Amino acid sequence: MKTLSIKQPYAELILQGKKKIELRKWNTKFRGEFLIHASKTPVKEAMQKFNFKELPTGAIVGKANLTSVKKYENEQEHQKDKGLHLASDYWGNYGFLLENPQRINPIIPAKGKLNFWDYQKIDAPFD
């Protein structure tokens, strides 16, 4: 299944339904359900900003549906959606619109990769 690595706390904010747009510096033609992999290294400043002390990392923690991609042409457009992506334009000007986030339990330890990648059981170091 397609999988996308997302740094914490952003992966958690997606699962909580608070982050509805994932920002990237690249576009994708992919649409559909994908697994959410929480990257090994969290963003410390964002962890503090959103009041998280500890979150799972290095594991698949949920899934969501990518329905569309929005390209931000300027800072004003980006700022208009700040409440939906919860991040700065540093993370990119392509917004992946997400729906139906679901947490999976138990989480699945796995190594992350760049871009969308296919999760296979061999990717999980502890299976």
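Observations on the model:
- When the range 22-35 is filtered for residues that are within 17 Å of Asp89 (Cα to Cα) and either small (Gly, Ala, Ser) or buried (at least 22 other Cβ atoms within 10 Å of the Cβ) (or both), the ones remaining, listed by number, are Glu22, Leu23.
- Each residue in the range 46-90 was checked for being more than 26 Å from Lys111 (Cα to Cα), of a type in the set (A, V, I, L, M, F, W, C) and free of Cβ contacts under 8 Å to residues at least 40 places away in the same chain, and 0 pass.
- Restricted to the range 1-107, the set of strands (runs of 3 or more DSSP E) holding at least 2 residues that are modelled with pLDDT of 95 or more, closer than 15 Å to Trp117 by Cα and among the basic types (Lys, Arg) is empty.
The values are calculated or read from the model by the stated rules, or taken from the named source; none is laboratory data. Everything numeric here is computed off the predicted structure, so don't read it as measured data. Positions of Cβ are backbone-derived with ideal geometry, glycine not excepted, and every protein chain shown enters the neighbour counts.
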